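Report on the following structure.
The values are calculated or read from the model by the stated rules, or taken from the named source; none is laboratory data. Keep in mind that this is a model prediction, so the values were computed, not measured. Every residue, glycine among them, receives a Cβ derived from its backbone with ideal geometry; neighbour counts consider all protein chains shown. Heavy atoms of the whole protein, side chains included, go into the accessibility calculation; ligands, DNA and RNA do not. Shrake-Rupley method; radii C 1.70, N 1.55, O 1.52, S 1.80 Å.
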Amino acid sequence: MIYGAMKFSIGGPLKLAFRPWVEGLENIPAEGPAILASNHLSFSDSFFLPAVLDRKVTFIAKAEYFTTPGVKGRMTAAFFKGVGQLPVDRSGGRGAGEAAIKSGVDVIERGELFGIYPEGTRSPDGRLYRGKPGGLARVALATGASVIPVAMIDTEKIQPPGKVMPKLMRPGIRIGRPLDFSRYNGMEHDRFVLRAVTDEVMYEIMKLSGQEYVDIYATAAKRQIADEAKAQKQALKEAQKEAEQAQKEAQKEAQKEAEQAEQQTEKQAERQTEKDETDEKERSDS
């Protein structure tokens, strides 16, 4: 009931304003469980994809969206619950991962669509990053549900970081054919199998999205970007400090030269005065 109301009040205007184009809707089953594995470019991905589907799709979201205090926090929690997102505490390491897997299994066992972002976080630069082998592969192998690769296209351009107002443009959604991993039944605890399943899904997403693939985790890429930004900031700070020091040294040198020139001028003036006095005396004596 709440999901339907949210989809009508948000999904309808979203489709009307941005007119997202969609390919491959026929690959979404009319009924029964399936896992939608998507790339993750923008916060809006979890809204555009459900908006174009007739069926409910449930994503997992970080618990902070549901536990923030105050009126705004309660409104945010109500909103995310309304659009079918499940809270998962991502700060607890292995326990957090197990909670995410259980949430996915519960959704699949209810015969619904479960949405997951194998990268684990939004891409920091629009490229496709290595998929994490835990949640996606384990839910797929534990339940036998097919995995449908999904590519969100250009959603990161609608509201780039630092922009308040979204840009009205047409994002795209490309839905691939379902992937069957029944050949791996009973092997959900084999890390090599989990890696193989995840990599196969990421390869299909890459083909659908046309993104450049980077074989590191997006979280590691974000740390690298943050470290590089920090290093650049430090380098700029040091360069500014060196420039200020050089400017001070140049000012001191210029002041010293000016003082020396002034002293030289004074000495020349004194010598000229002495010469003038001597010449005057010689004329007087003669």
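Give, in nm to one decimal, the length gained when the segment between Glu31 and Lys252 is fully stretched (0.36 nm per residue of separation minus the Cα-Cα distance).
Between Glu31 and Lys252, full extension yields an extra 71.5 nm.
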For the chain, what is the relative contact order in percent, using Cα pairs closer than 8 Å and at least 6 residues apart in sequence? 22
Please list Tyr129, Tyr213, Tyr184 from largest to smallest accessible area, probe radius 1.4 Å, with all protein chains kept in place. Tyr213, Tyr184, Tyr129
On the accessible surface of the chain, probed at 1.4 Å, how many percent belong to carbon and sulfur atoms? 53
How much of the pair distance distribution for segment 17-57 lies past 11 Å, counting alpha-carbon pairs only, in percent? 72
If you count only protein heavy atoms and use a 1.4 Å probe, how large is the accessible surface of Leu236, to the nearest 10 Å²? 100
Residue-normalised value, i.e. accessible area per residue, for segment 134-284 at 1.4 Å probe, in Å², stands at 69
If you place +1 on the Cβ of every Lys and Arg and -1 on the Cβ of every Asp and Glu, how big does the dipole about the Cα centre of the chain come out, in debye to the nearest 20? 2360
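So what's segment 186-267 giving for Cα Rg divided by 2.2 N^0.38 Å, two decimals?
That ratio works out to 2.53.
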Principal semi-axes in Å for the chain [√(5λ), Cα gyration tensor, largest first]: 69, 22, 18
Please give the charge dipole size of segment 177-286, origin at the Cα centre, charges +1 on K and R Cβ atoms and -1 on D and E Cβ atoms. Round to the nearest 20 debye. 1260
Over 22 Å, how big is the tail of the calculated P(r) for segment 117-191, in percent of all Cα pairs? 39
